[in-house]
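Everything below concerns the one structure shown next.
The values are calculated or read from the model by the stated rules, or taken from the named source; none is laboratory data. Small disclaimer: the values here were computed from a predicted structure and weren't measured. All Cβ positions, even for glycine, are placed from backbone atoms using ideal geometry, and neighbour counts span all protein chains on display. Surface accessibility is based on the protein's heavy atoms, side chains included, excluding ligands, DNA and RNA. Shrake-Rupley method; radii C 1.70, N 1.55, O 1.52, S 1.80 Å.
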Amino acid sequence: MLGEKLKRVLGIQFPIIQGGMAGISEAELVSAVSEAGGLGVIGSGLLPASWLESQIKKTKELTKKPFGVNLFLQNPKIEELVKVVIRERVDVVFTGGGNPLPLFPYLQAAGIKIFCVVPSPRLAKKMEDNGADGVVVEGWESGGHVGKNTTFCLVPQARNLIREIPLVAAGGIYDRRTAAAAFLLGADGVQMGTRFLASKEAKVSEDYKKKILSATADDIQVILGFTGHPLRVIKNDFSQEMEKLEKEGAFPEEVKAERIAGGLGLGNVEKVPLLAGLSAGGISEIKNCKEIIEEVYFGALKEIEELYKKAKEN
């Protein structure tokens, strides 16, 4: 069966992780994913510790199954958030946006598993060498803040270096074929963000979801490269405004962080960043989390079985 190592480490039924989307992956979505057998992850982003604590408590009321918290290491109040996850004894923490190594001793002492989201095989190996429980290699196909390497290249290269801990693939994975490809490349599991954003349980506006369903590959772009933190979004008035700023030679400081991280998917879809990965171009239906997880997992199994069958016949 697929993903046994990841399932064993996280105590989940399916090797599928819901990406931590800041302000979007809240208790309702997180608990729905965990209840369906995957791993739901709260996205804390730049939000305060009080918000995170309330979401953890609410998630615990909605599910008794494992779930995680994604910590954005550029949050100026990161120490307060770490204290919350330790006090609440969260099952697993996902780190991104900075160097997580200084946090390792505190999380490990509390018995919290650590999964690091990294953009390169070298960093994946470094995390394993320093005691991480797992790594997520995220390709530039993902939504939100993006790196420079593709999932297709990251996964097999990281697989050649990672020996002991689970390797999770992220970026551009949304259906049975993309999941099957990730497993065949050597991943122990997959992480999906955009696909769960287009779920019935995601607390974003219906207009946002419609934007995802109607998007084609040509409608998805990377903006804010001049700030040093490029962002993948669906084209709208906001993205055009950011493009204009760049063309006019704006300084990075002119783009307020709260404008990027604060649109919780509930505002006017033309005025907020519509974070979405390239996978949005292949999503055409809103489903519940259980349907998404089972469709992706069992579909990937079938794809791989058929591939081996054809190989034997030839």
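Okay, here's what the table says:
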{"quantity": "Quotient of Cα Rg and 2.2 N^0.38 Å for the chain, N being how many residues it contains", "calculated": "0.94"}
{"quantity": "Computed E for Lys271/Leu62 - FRET, C-beta separation, R0 30 angstrom, nearest 0.05", "calculated": "0.45"}
{"quantity": "Pair Glu4, Glu253: separation of 7 Å Cα→Cβ label points (nm)", "calculated": "5.7"}
{"quantity": "Value of Rg/Rh across region 141-187 [Cα atoms, Kirkwood radius]", "calculated": "0.96"}
{"quantity": "Where trypsin sites (Lys or Arg not before Pro) fall in DSSP loop in region 150-192, at most 11 other Cβ within 10 Å", "calculated": "Arg163"}
{"quantity": "Quotient of Cα Rg and 2.2 N^0.38 Å for region 268-314, N being how many residues it contains", "calculated": "1.76"}
{"quantity": "Region 147-245: mean projected area of Cα convex hull, nm²", "calculated": "8.0"}
{"quantity": "Semi-axes of the equivalent ellipsoid for region 32-88, Cα gyration tensor, largest first, Å", "calculated": "21, 11, 8"}
{"quantity": "Sulfur and carbon atoms: percent of accessible area, the chain [1.4 Å]", "calculated": "52"}
{"quantity": "Fluctuation leader among Lys113, Lys244, Lys126 - the chain, Gaussian network, Cα springs under 10 angstrom", "calculated": "Lys244"}
{"quantity": "Solution diffusion estimate, µm²/s, Stokes-Einstein, region 4-69, Kirkwood Rh from C-alpha pairs, 25 °C, viscosity 0.890 mPa s", "calculated": "211"}
{"quantity": "Kirkwood hydrodynamic radius over Cα pairs of region 1-156, then Stokes diffusion coefficient at 25 °C and 0.890 mPa s, in µm²/s", "calculated": "158"}
{"quantity": "Separation of alpha-carbon centers, region 133-211 and region 58-104, rounded to whole Å", "calculated": "20"}
{"quantity": "For region 64-192, alpha-carbon Rg relative to the globular expectation (2.2 N^0.38 Å, N residues)", "calculated": "1.03"}
{"quantity": "Accessible area expressed per residue, the chain, with surrounding protein chains retained (probe 1.4 Å, Å²)", "calculated": "45"}
{"quantity": "Antiparallel bridges, percent of DSSP beta bridges restricted to the chain (to nearest 5)", "calculated": "20"}
{"quantity": "Cα extents of region 188-314 along the three principal axes, largest first (Å)", "calculated": "59, 32, 25"}
{"quantity": "By accessible area with a 1.4 Å probe, ligands and nucleic acids excluded, highest first: order of Glu248, Glu306, Glu61", "calculated": "Glu61, Glu248, Glu306"}
